[in-house]
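*Asks:* Below is the structure I would like to discuss, written out as structure tokens.
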Amino acid sequence: MILPNNFKAEYQSIQEEVKAKAIEVLESGWYIMGNELESFEEEFADYIGVKHCVGVANGLEALFLSLKALGITSGDEVIVPSNTYIATVLAISQVGATPVFVEPNIETHNIDPNLIEAKITPRTKAILPVHLYGLCADMIAIKAIAEKHNLVIVEDAAQAHGSKIGDQCAGTFGNTGAFSFYPTKNLGAYGDGGAITTNGDALAKKIRLLRNYGSAKKYHNDIVGYNSRLDEMQAAFLRIKLKHLDSWNDLRRKSALELKSQFSDQQWNWQASPDNFHHIYHQLIACSAERDQTIDRLEKNGLKCLIHYPIPPYKSDAYNKMYSGHSYPIADNIAQTIFSLPLHGYMWEAK
Ligand SMILES: *Cc1c(COP(=O)(O)O)cnc(C)c1O
């Protein structure tokens, strides 16, 4: 059976380096805010093509601290796609702002820029596009809208490590990009982790304060901060894995194209990848009117599928009272028909 992930095969391919690094960090006697983090931040900023990277505790915190640093607060509205993973929406709630849902384009599954302006009010402060499944949202159109209406942009790049429009990476278009290193992501730690990318000098400085108790100098606290740090062990592992990211992304793309051609006779709607967009296939998704039967049939043929995501955030118990009376038919339709084929860099190896 080909499973949605094969963490062991990936680990085995780099285990000598990982074990040696783990011992090096353990024996260093320095576990938080040290050289490994500093080096990872430089290397990831270089890879993405931004001036600053700030390591944080996880992807949700990367979104939350981005919004916080940009001054988004209660009474503000933040535009977000109706079909995202719930963490995107939770970050908006955590700063006290109101999520305003905009439907996705049914073909790309990303927020439809043509529907954004109708949702802008005097309270709107930010747009939070998501690069869903590894495909960049239409950042060119979104940036034009943000500039016209004086809004900031936080990119949810949790599924988009190395995804590009032209030669520009996800995480460089907005005021900040928020990355997750949860183990299932294209760049995953051996635990939780996250990072914020930005070209803003003052913004990076603010985020560095916020992630560490509001403190730049020990026992001197400039602002009311949080504890949201990326530890030395995870930073060290991420440095090793970053060197493999492009080749792992290539393996995913190759496998995605193989699966798409293997099932080209099916009446499924694949996620459309526009010209000039470099999809990194965090997930290979399709929509089928007979979703449940399709998943059963694929499982009988040795392919274990998952659903990302079966319930749109506005319909979750956490939000359905707040959004009673609202309806997002495109998000509903996607949630009822979507499924993810198994996809990772080690598809055809140890089953
Ligand atoms: C994984 C993910 C997050 C949250 O990342 P964590 O590290 O799990 O907190 C946020 N948004 C999207 C789109 C994700 O896929």
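*Asks:* The chain: percent of C-alpha pairs farther apart than 27 Å? Could the numbers behind the result be given before it?
*Replies:* Numbers: 28220 of 61425 pairs.
Here the tail beyond 27 Å accounts for 46 percent of pairs.
*Asks:* Using the Karplus curve 6.51 cos²θ - 1.76 cosθ + 1.60 with θ = phi - 60°, what ³J(HN,Hα) values do you get for each residue of the range 328-336, in whole Hz, with x for Gly and Pro?
*Replies:* Listing the rounded values in order: 10, x, 5, 4, 4, 4, 4, 4, 7 Hz.
*Asks:* Sticking with this one: Pop a pseudo-label 7 angstrom from the Cα along the beta-carbon direction at both A141 and Y219 and give the gap in nm to one decimal.
*Replies:* Each label point is offset 7 Å from its Cα along the Cβ direction, giving 5.6 nm.
*Asks:* Can you give the local net charge around H220? Use residues other than it whose beta-carbon is closer than 15 angstrom to its beta-carbon, Lys and Arg +1, Asp and Glu -1.
*Replies:* Working: positive: K205, R208, K217, K218; negative: D222.
Within the 15 Å Cβ shell, the charges total +3.
*Asks:* Looking at the range 78-177, which trypsin sites (Lys or Arg not before Pro) are in a loop (DSSP not H, G, I, E or B) and have at most 16 other Cβ atoms within 10 Å?
*Replies:* On the way: sites: K119, R123, K125, K143, K148, K164; in loops: R123.
Listed in order of number, the matching sites are R123.
*Asks:* In Å², and per residue, what accessible area does the chain have when probed at 1.4 Å with the other protein chains present? Please report the intermediate quantities before stating the final value.
*Replies:* On the way: 15620 Å² over 351 residues.
Computed with neighbouring chains in place, this is 45 Å² per residue.
*Asks:* Next question, about the same structure. For V100, list long-range residues whose amide hydrogen, built 1.01 Å from N in the peptide plane, is under 5 Å from its own amide hydrogen.
*Replies:* Under 5 Å from the amide H of V100 lie the amide H atoms of V78, I79, V80, each far enough along the sequence or on another chain.
*Asks:* Continuing with this model, one more query. Distance between the C-alpha centers of the range 244-288 and the range 163-216? Whole Å please.
*Replies:* 25 Å
*Asks:* Give, in nm to one decimal, the length gained when the segment between D275 and N333 is fully stretched (0.36 nm per residue of separation minus the Cα-Cα distance). If you can, show how the numbers build up before the last one.
*Replies:* On the way: separation 58, 0.36 × 58 = 20.88 nm, distance 2.54 nm.
Full extension of this stretch gives 18.3 nm more.
*Asks:* Still on this structure, please answer the following. Toward the positive end of the charge dipole of the chain, about the Cα centre and with charges on Cβ (Lys, Arg +1; Asp, Glu -1), which of P129, A57, G225 goes farthest?
*Replies:* After comparing all options, I get G225.
*Asks:* Give me the one-decimal nm value for the distance between modelled label points at K51 and H149, 7 Å along each residue's Cα-to-Cβ direction.
*Replies:* 2.7 nm
*Asks:* For the range 9-15, what does the Karplus curve 6.51 cos²θ - 1.76 cosθ + 1.60, with θ = phi - 60°, yield as ³J(HN,Hα) per residue in whole Hz, taken in order and with x for Gly and Pro?
*Replies:* Coupling constants for the range 9-15: 5, 5, 4, 4, 5, 10, 5 Hz.
*Asks:* What does the net charge come to around P129 if you take all other residues with beta carbon closer than 9 Å to its beta carbon, with K and R at +1 and D and E at -1?
*Replies:* Details: positive: none; negative: D138, E155, D156.
It works out to a net charge of -3.
*Asks:* Check L306: other-chain or 5+ apart residues with amide H under 5 Å from its amide H, H built from backbone geometry?
*Replies:* Amide H neighbours of L306: S340.
*Asks:* Between I165, I23, I280, find the one with the highest GNM mean-square fluctuation for the chain; connect C-alpha pairs within less than 10 Å.
*Replies:* I23
*Asks:* Roughly how many Å² of Y213 are accessible to a 1.4 Å probe, to the nearest 10?
*Replies:* 110 Å²
*Asks:* Next question, about the same structure. How big is the antiparallel share of DSSP beta bridges in the chain, given as a percent to the nearest 5? It would help to have the intermediate numbers written out before the result.
*Replies:* On the way: 24 of 39 bridges.
Roughly 60 percent of the DSSP beta bridges within the chain come out antiparallel.
*Asks:* Cross-link list K206/K241; K125/K148; K68/K125; K8/K241; K51/K205: which exceed 19 angstrom alpha carbon to alpha carbon?
*Replies:* Too far apart for the 19 Å limit: K206/K241.
*Asks:* Can you give the calculated 222 nm mean residue ellipticity of the chain, where each DSSP H run of n ≥ 4 adds -39,500 (n - 2.57) and the sum is split over every residue, rounded to the nearest 500 deg cm²/dmol?
*Replies:* Numbers: 10 runs with 126 residues, N = 351.
After summing the helix terms and dividing by residue count, I get -11500 deg cm²/dmol.
*Asks:* Using modelled backbone amide H atoms (1.01 Å from N, in-plane), which distant-in-sequence or interchain residues come within less than 5 Å of I32's amide H?
*Replies:* Under 5 Å from the amide H of I32 lie the amide H atoms of E232, each far enough along the sequence or on another chain.
*Asks:* Run the dipole for the chain about the Cα centre, Lys and Arg Cβ at +1, Asp and Glu Cβ at -1, nothing else charged, and hand back the magnitude in debye, nearest 20. Walk me through the numbers on the way to the answer.
*Replies:* On the way: 33 positive and 40 negative charges, 100 e Å.
My answer is approximately 480 debye.
*Asks:* Using θ = phi - 60° and the Karplus curve 6.51 cos²θ - 1.76 cosθ + 1.60, what whole-Hz ³J(HN,Hα) does each residue of the range 269-285 get, with Gly and Pro shown as x?
*Replies:* Going residue by residue, I get 9, 7, 5, 6, 10, x, 3, 6, 9, 9, 7, 9, 6, 4, 10, 9, 10 Hz, with x marking Gly and Pro.
The values are calculated or read from the model by the stated rules, or taken from the named source; none is laboratory data. Everything numeric here is computed off the predicted structure, so don't read it as measured data. Every residue, glycine as well, gets a Cβ built from its backbone with ideal geometry; the counts of neighbours run over all protein chains shown. Protein only, heavy atoms only, side chains kept; ligands, DNA and RNA dropped before computing areas. Shrake-Rupley method; radii C 1.70, N 1.55, O 1.52, S 1.80 Å.
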